[in-house]
Amino acid sequence: MAMTTEEQIADWCIHFNGIQHAQCKAGEVYKSVKSAQGYPCFKSDNCAAQCSHATYPTPEEVTARVEQMQVAIKASVNAYLNGNCPHCGAKIEEKKQVGRCVYAIPCYHRLYQGTLPA
C-alpha cells in the first residue's frame, strides 16, 4: 500500500539529502551504512541502528513540512493559472513544445511534460 505524504516525511531521517550525494547532512557516508535491508535513512527499512545519526522528525515537524509543501504547491499553481512562470514569476508570453516537454517563453523554464493543446 502506498504511504501518505505524512508517512513519507516521517519515514525520512532529518539528515537525508538524497543518495545521489556521497554523504548525508550529518556527514555519514551512505555506502558505509547501507545493508541488505536498505538504508538507515528510512525508518521503514528497520535498520536505524546502523547509523548513530539516524533521527526522524517529530509529528509537529511532519505537520509543518506538509503545510510548507501545500503552500508552495498552491503558489506554483496560482502563478501558472495567472499566466506566470511558477519557477521565476516571469509573465508567460507563449509556450513552446520541445520533444515531450512544454516550456515557458521567454524564460524557458519547463512547465510540464505533455503536449500543448491544439
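When the residues of the range 20-40 are narrowed to those that are surrounded by 13 or more Cβ atoms within 10 Å (Cβ to Cβ) and of a type in the set (A, V, I, L, M, F, W, C), which ends up farthest from the chain's Cα centre (by Cα)? Reasoning before the result, please.
Keep residues of the range 20-40 that are surrounded by 13 or more Cβ atoms within 10 Å (Cβ to Cβ), which gives 23-24, 26, 28, 30, 33-34, 38-40.
When the remaining residues are screened for being of a type in the set (A, V, I, L, M, F, W, C), the result is 24, 26, 33.
Numbers: CYS24: 16, ALA26: 19, VAL33: 23 Å.
Here the answer is VAL33.
Against the condition touching a strand residue (DSSP E or B) at 6+ places or on another chain (Cβ under 9 Å), surrounded by 12 or more Cβ atoms within 10 Å (Cβ to Cβ), in contact (Cβ under 8 Å) with a residue 24 or more places away in the chain and among the basic types (Lys, Arg), how does LYS43 come out, does it pass?
The answer is yes for LYS43.
Answer yes or no: is there a residue in the range 80-94 that is of a type in the set (D, E, K, R) and surrounded by 13 or more Cβ atoms within 10 Å (Cβ to Cβ).
Among the residues of the range 80-94, not one is of a type in the set (D, E, K, R) and surrounded by 13 or more Cβ atoms within 10 Å (Cβ to Cβ), which makes the answer no.
Of these, GLN113, GLN70, which one is surrounded by fewer than 16 Cβ atoms within 10 Å (Cβ to Cβ), assigned by TED's automatic domain parsing to the domain that holds ALA10 and not aliphatic (A, V, I, L, M)?
GLN70
Quick one: in the range 47-57, of everything that is assigned to a loop (DSSP other than H, G, I, E, B) and among the small types (Gly, Ala, Ser), which residue is nearest to the chain's Cα centre (by Cα)?
The selected residue is ALA54.
The values are calculated or read from the model by the stated rules, or taken from the named source; none is laboratory data. Predicted model, so just to flag it, every value in this text is computed and none were measured. All Cβ positions, glycine included, derive from the backbone under ideal geometry; neighbour counts span all protein chains shown.
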